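> Got a structure for you, written out below as structure tokens; questions coming shortly.
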Amino acid sequence: MSIDASLDPISTPQPTIPNSPTSTPASPHISWSDSYTKAQTAIETLSSILPFIIPSLFSSETPALSLLHDPEIAAQISRHLRQPDSGAGDNHLCRWLYDTFQSSQPDLQLVVLRFLPIIAGVYLSRVARRKPLAGFEAVLLALYAHETASRDGQAITVSIPDLGHSSIYHETKQSSRNSSTELNLTVISPSLEPHGTVRSTRRARIVGVALELYYSKISQIPVGSKIDFCQFCSIWAGEDGEMYKDGPDCEMDSYTKAQTAIETLSSILPFIIPSLFSSETPALSLLHDPEIAAQISRHLRQPDSGAGDNHLCRWLYDTFQSSQPDLQLVVLRFLPIIAGVYLSRVARRKPLAGFEAVLLALYAHETASRDGQAITVSIPDLGHSSIYHETKQSSRNSSTELNLTVISPSLEPHGTVRSTRRARIVGVALELYYSKISQIPVGSKIDFCQFCSIWAGEDGEMYKDGPDCEMGKITTGDDTIEKERGEKEGRVPLPWELLQPVLRILGHCLMGPHKDKELHEIACAACRSLYARSLHDINPKAILATGSLLRLAKVASDSTDDIDHTDITDTPVITI
């Protein structure tokens, strides 16, 4: 926050203070009874300023420390100091803070330092408005005078040894002719001169020295005071630094990369809302903007989309290669459409190099993050008893072996998409999608479920009641209607390396933590279609997996969340 340096509060009426703030602090060798009495007096005086003080403060054995750490007193004083008329020369609270600090009692001085962030924060924020702030200035001058006296006006320096000479920590390759080790003195805080008023040219120095005193006692300052200080630092800076959450050392920060991506996208799409350019989190705004999603979806579904010279595919590729997590989520958000359109068109021998470049970028990212390793799970040998079960037959070998099951096989780098690798590359891209699925918008998951039904190429409506009904029959009243299953357009091969990640994603859509009615219904329809496809292909592994999903979906839809299982029913029969 900029402050007008031409303003000089010397003309502001100064408070009438009997003791000069430049006087030397009193001797600290004071008896406990005197410290107790001064603290009690300070609390009694404060009780005439604040609306309420808890009675326990008056009976405390350590009243100053109780005053320092009391949250209610801190809240009341903070509110008073932030009021529009606070800080004037006749302000009673400023007078109390000044007198309390001048008592020379260390614990009482800590009480005053506890509120220095608010005093300095409000003072620096208002000083350019020519408001009377002599009360705040009196407190700041008292802190400055105390630090000047304790340091005897001397500067604070640190000595930095000459690294041109060897030491126990390092050795130099070149020998120095002069064997003497010179110390370079660096000034941390310059020498201090007494000041009785706050001029514009001295303001920053006086406040800075007060903060140096605050820092010297910071281990004894309550956390609430440090929070106030950090909040005022943000106000003084006057800048939003959210774009630097990941640190300042990156070549181009995430905010700039997101802004660049939006500007490039604006040359491809017909319209982008202006609020995206001014957003504090442009990548997340791009991810969750429904209008942008609708425009990109329409572009990806066009008859000529997916070619090698397609500008949108190029943008998706470059955006994912930016290595910014939020921008990569934007690309993953459209993976269902990319994979769906690609697999549906690949048999037509159309040029789809644009789609393939994006899929290969996702595959390469997952390969690098996994270092090409397979994903496995260990399943214990159930032939041995455990704390969960007992086996009837005793095994001759008492050792328990772990059976490793491969969830996703090892990965090899691929630079092109061949027909024999296509399902694997798309499947790995869907595994990456699944790993980020909790951050993906619902609209993307709905697109995915719709394409699953298209890929299945089967009508699964006859399985609305689950997979356990008689196959291919729908019963309505006394009539039994045989329903023929017809293949739909868009049917694609579904090998296990592609079907497995598809089913994992559908499982999340059906039983994820955030319930969405539309998503749940479309996911159920996709499961029914895939189940019908599995029966058609006579694929036992797929039949078992899709059938299990259908059963779980039926159990989830039949259960109601408003059942209280702890209720005791009126019936005298208890069923266990």
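The values are calculated or read from the model by the stated rules, or taken from the named source; none is laboratory data. Computed from a predicted structure; not experimentally measured. Neighbour counts run over all protein chains shown; Cβ positions are idealised from the backbone, glycine included. We work out accessible area using only protein heavy atoms, side chains counted, and drop any ligands, DNA or RNA first. Shrake-Rupley method; radii C 1.70, N 1.55, O 1.52, S 1.80 Å.
Per-residue answers, yes or no, for (1) open to solvent by 20 Å² or more (accessible area, probe 1.4 Å); (2) among the charged types (D, E, K, R); (3) modelled with pLDDT of 90 or more; (4) under 25 Å from Phe451 (Cα atoms):
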residue	(1), (2), (3), (4)
Val223	yes, no, yes, no
Phe232	no, no, yes, no
Glu242	yes, yes, no, no
Asp249	yes, yes, no, no
Ala283	no, no, yes, no
Ala294	yes, no, yes, yes
Gly306	no, no, yes, yes
Tyr317	yes, no, yes, yes
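> Would you check if there is a residue in the range 88-95 being part of a loop (DSSP other than H, G, I, E, B) and under 24 Å from Glu193 (Cα atoms)?
Yes: one or more hits.
> So, one more: Which ones in the range 199-238 are closer than 17 Å to Ile118 by Cβ and of a type in the set (Val, Ile, Thr)?
Ile206, Val207, Ile218, Ile221, Val223, Ile227, Ile235
> Still on this structure, please answer the following. Between a first residue in the range 121-136 that is outside any helix (DSSP H, G or I) and a second residue that is polar (S, T, N, Q) and buried (at least 17 other Cβ atoms within 10 Å of the Cβ), which pairs have beta carbons less than 6 Å apart while being 6 or more apart in sequence or on different chains?
Matching pairs, first to second residue: Pro132/Thr12.
> Take the residues in the range 53-100 that are among the aromatic types (Phe, Trp, Tyr) and touching a residue at least 40 places away in the same chain (Cβ under 8 Å), then tell me which one is nearest to Thr37 (Cα to Cα).
Looking at the filtered set, the residue picked out is Trp96.
> Yes or no: Ile387 of a type in the set (Val, Ile, Thr) and either within 28 Å of Val492 (Cβ to Cβ) or open to solvent by less than 60 Å² (accessible area, probe 1.4 Å) (or both)? Outline the logic, then answer.
On the way: of a type in the set (Val, Ile, Thr): yes; either within 28 Å of Val492 (Cβ to Cβ) or open to solvent by less than 60 Å² (accessible area, probe 1.4 Å) (or both): no.
Taking the combined requirement at face value, the residue does not satisfy it.
> Turning to a different aspect of this structure: If I go through the range 506-523 residue by residue, how many of them are under 18 Å from Glu461 (Cα atoms), in contact (Cβ under 8 Å) with a residue 40 or more places away in the chain and either surrounded by 15 or more Cβ atoms within 10 Å (Cβ to Cβ) or of a type outside the set (Asp, Glu) (or both)?
5
> Identify all residues within the range 267-281 that are open to solvent by 40 Å² or more (accessible area, probe 1.4 Å) and in a helix (DSSP H, G or I); write none if there are none.
Pro274, Ser275
> Given Glu72, Glu61, which one is part of a helix (DSSP H, G or I) and surrounded by fewer than 16 Cβ atoms within 10 Å (Cβ to Cβ)?
Exactly one residue qualifies, and that residue is Glu72.
> What are the pairs with Cβ atoms under 6 angstrom where one residue, in the range 155-176, is at pLDDT 80 or above and the other, located anywhere, is among the small types (Gly, Ala, Ser)? Sequence gap at least six, or different chains.
Ala155/Ser191; Ile156/Ser189
> Would you check if Ala39 is touching a Pro at 6+ places or on another chain (Cβ under 7 Å), part of a helix (DSSP H, G or I) and either aromatic (Phe, Trp, Tyr) or open to solvent by less than 20 Å² (accessible area, probe 1.4 Å) (or both)?
yes
> Something else about it: With Ser378, Ser344, Ser369 as the choices, which residue is within 18 Å of Leu498 (Cα to Cα), among the hydroxyl-bearing types (Ser, Thr, Tyr), open to solvent by 20 Å² or more (accessible area, probe 1.4 Å) and not in a loop (DSSP other than H, G, I, E, B)?
It is Ser344.
> In the set Glu390, Glu412, which member is out of contact with any strand residue (DSSP E or B) (no Cβ under 7 Å at 6 or more places or on another chain) and at pLDDT below 85?
Glu390 is the lone residue from the list that is out of contact with any strand residue (DSSP E or B) (no Cβ under 7 Å at 6 or more places or on another chain) and at pLDDT below 85.
> Also, I was wondering about something else. Could you count how many residues in the range 75-85 are open to solvent by less than 30 Å² (accessible area, probe 1.4 Å) and over 18 Å from Gln109 (Cβ atoms)?
Residues in the range 75-85 being open to solvent by less than 30 Å² (accessible area, probe 1.4 Å) and over 18 Å from Gln109 (Cβ atoms): 2 in total.
> Say whether the condition of being within 15 Å of Pro495 (Cβ to Cβ) and open to solvent by less than 20 Å² (accessible area, probe 1.4 Å) is met by at least one residue in the range 433-450.
No: the range 433-450 contains no residue that is within 15 Å of Pro495 (Cβ to Cβ) and open to solvent by less than 20 Å² (accessible area, probe 1.4 Å).
> Also, I was wondering about something else. Of the numbered conditions (1) in contact with a Leu (Cβ under 7 Å, 6 or more places away or on another chain); (2) loosely packed, with under 14 Cβ neighbours inside 10 Å; (3) charged (D, E, K, R), Lys217 satisfies every one except a single condition; which is it?
Lys217 satisfies all of (1) in contact with a Leu (Cβ under 7 Å, 6 or more places away or on another chain); (2) loosely packed, with under 14 Cβ neighbours inside 10 Å; (3) charged (D, E, K, R) except (2).
> State yes or no: is Gly135 modelled with pLDDT under 75 and surrounded by 11 or more Cβ atoms within 10 Å (Cβ to Cβ)?
no
> Right, next: Among the residues of the range 86-113, what is the count of those that are farther than 18 Å from Ser48 by Cα and open to solvent by 50 Å² or more (accessible area, probe 1.4 Å)?
Total meeting the criteria: 3.
> Got a sec? Which of Pro501, Pro493 is open to solvent by 20 Å² or more (accessible area, probe 1.4 Å) and either modelled with pLDDT of 90 or more or closer than 21 Å to Lys445 by Cα (or both)? Break it down stepwise before answering.
Details: Pro501 fails: open to solvent by 20 Å² or more (accessible area, probe 1.4 Å).
Selected residue: Pro493, the only one of Pro501, Pro493 that is open to solvent by 20 Å² or more (accessible area, probe 1.4 Å) and either modelled with pLDDT of 90 or more or closer than 21 Å to Lys445 by Cα (or both).
> Turning to a different aspect of this structure: Which one of these is modelled with pLDDT of 85 or more and either at negative phi or part of a loop (DSSP other than H, G, I, E, B) (or both): Thr480, Thr546?
Testing whether each residue is modelled with pLDDT of 85 or more and either at negative phi or part of a loop (DSSP other than H, G, I, E, B) (or both) leaves just Thr546.
> To continue, here is another question. Determine whether the range 174-191 contains at least one residue that is farther than 24 Å from Ser66 by Cβ, outside any loop (DSSP other than H, G, I, E, B), out of contact with any Ser or Thr (no Cβ under 6 Å at 6 or more places or on another chain) and not polar (S, T, N, Q).
Yes, there is a match, as at least one residue in the range 174-191 is farther than 24 Å from Ser66 by Cβ, outside any loop (DSSP other than H, G, I, E, B), out of contact with any Ser or Thr (no Cβ under 6 Å at 6 or more places or on another chain) and not polar (S, T, N, Q).
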